[in-house]
Amino acid sequence: MDWSVIVLVVVIVVLGLAGALIYVGQRMPKNDDDPFADRLNEFSQRGEAVSLDEIELSQPFSERVIYPLLRQFGELAAKNTPQNALQETTRKLELSGKAGWIDAPMFLSSRFVAAAVLGVATFLICTFSILAQPISRALLYSMIALGLGFFFPQLWLDEQIKKRQLEIRKAMPDALDLLTICVEAGLGFDAAMSNVAEKWENELSLAFARAIREIQLGKVRREALKTMAERIDLADMTSFVAAVIQSEQLGVSMAKVLRIQAEQMRMRRRQYAEELAHQAPVKMLLPMVGFIFPSIFIVLMTPAVLRIMSSNVFGG
């Protein structure tokens, strides 16, 4: 069989698997959603008497066959993955706020699929295109692309963690101001957190809303706040939670503690902005050296070079 046909078949299979994993990630139940329960409620509202088998068969083919098969593929990958890696991936998904979108086994599977897609695509480009290279060099480029594809999802996840933490850092001073106003107006701390969760639509409000739901389900407030701080893993949030728990244990005025925390958060936000401003000249140095300085050299040196060439200084 021709090598081009084999490579084409491999590419089609890998791309199909990648698309299937993306589909599974989008179709994963969000939070506490249960597709089967939703389907049952739909039939109940219609007033139809149906059995569980009929409800199951009424679902699309993708829900009954494709999705379970792909889930089993993710579970198979999880079985062959060390437990520490799964726990670390689950923790990072929690920190990034993507835990309800994809789970650890599927994320690890996506890394292998991304590596295979980039590796095979690079080999195909380096072998059967106008950029054709020798087989040894094509294999080398494919191995490099394989490594990039494997680590790219992890880099994306780390970037999502930083983005979420930065959003929470920016929102904390305003949220603590609202908490202080609500507590001084006579509301309890839980009710004040509920107001903050309803006021905005950002990562901090979602974290507060989740902590409130855990408290309503019977979890101790102290434990719920500690868990919230662990899911964010931000020094500002950790200090805020520690201050709230300490004030609750010692009987200190909650409004006073919140006001002090709000002032400290605002000061830290200003210091963080100043730190970023001081980093700007260093970050601008690379694009200046790479793009601006060459253009300046061309503009300044071209007339001199042309004059030297036209004056026959070197006896040409």
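The values are calculated or read from the model by the stated rules, or taken from the named source; none is laboratory data. All values derive from a computational prediction rather than experimental measurement. Quick reminder, even Gly has a Cβ in these numbers, built from the backbone with ideal geometry, and neighbours come from all protein chains shown.
Every condition in (1) touching a residue at least 12 places away in the same chain (Cβ under 8 Å); (2) more than 30 Å from residue 190 (Cα to Cα) is met by residue 259 except one, and the failing one is (2). For the structure I just gave you, tell me whether residue 179 is over 21 Å from residue 272 (Cα atoms), more than 13 Å from the chain's Cα centre (by Cα) and not in a helix (DSSP H, G or I). No, not satisfied.
Residues are listed down the side, and each one gets a yes or a no for (1) buried (at least 19 other Cβ atoms within 10 Å of the Cβ); (2) among the hydrophobic types (A, V, I, L, M, F, W, C); (3) assigned by TED's automatic domain parsing to the domain that holds residue 198:
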| residue | (1), (2), (3) |
| --- | --- |
| 109 | yes, no, no |
| 113 | yes, yes, no |
| 123 | yes, yes, no |
| 141 | no, no, no |
| 154 | no, no, no |
| 175 | yes, yes, yes |
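For residues that are in contact (Cβ under 8 Å) with a residue 40 or more places away in the chain and within 21 Å of residue 163 (Cβ to Cβ), scanning just the stretch 183-217, find the one that is surrounded by the most Cβ atoms within 10 Å (Cβ to Cβ). Looking at the filtered set, the residue picked out is 203. Scanning the stretch 247-299 for residues that are surrounded by 11 or more Cβ atoms within 10 Å (Cβ to Cβ) and not in a helix (DSSP H, G or I) yields a total of 2.
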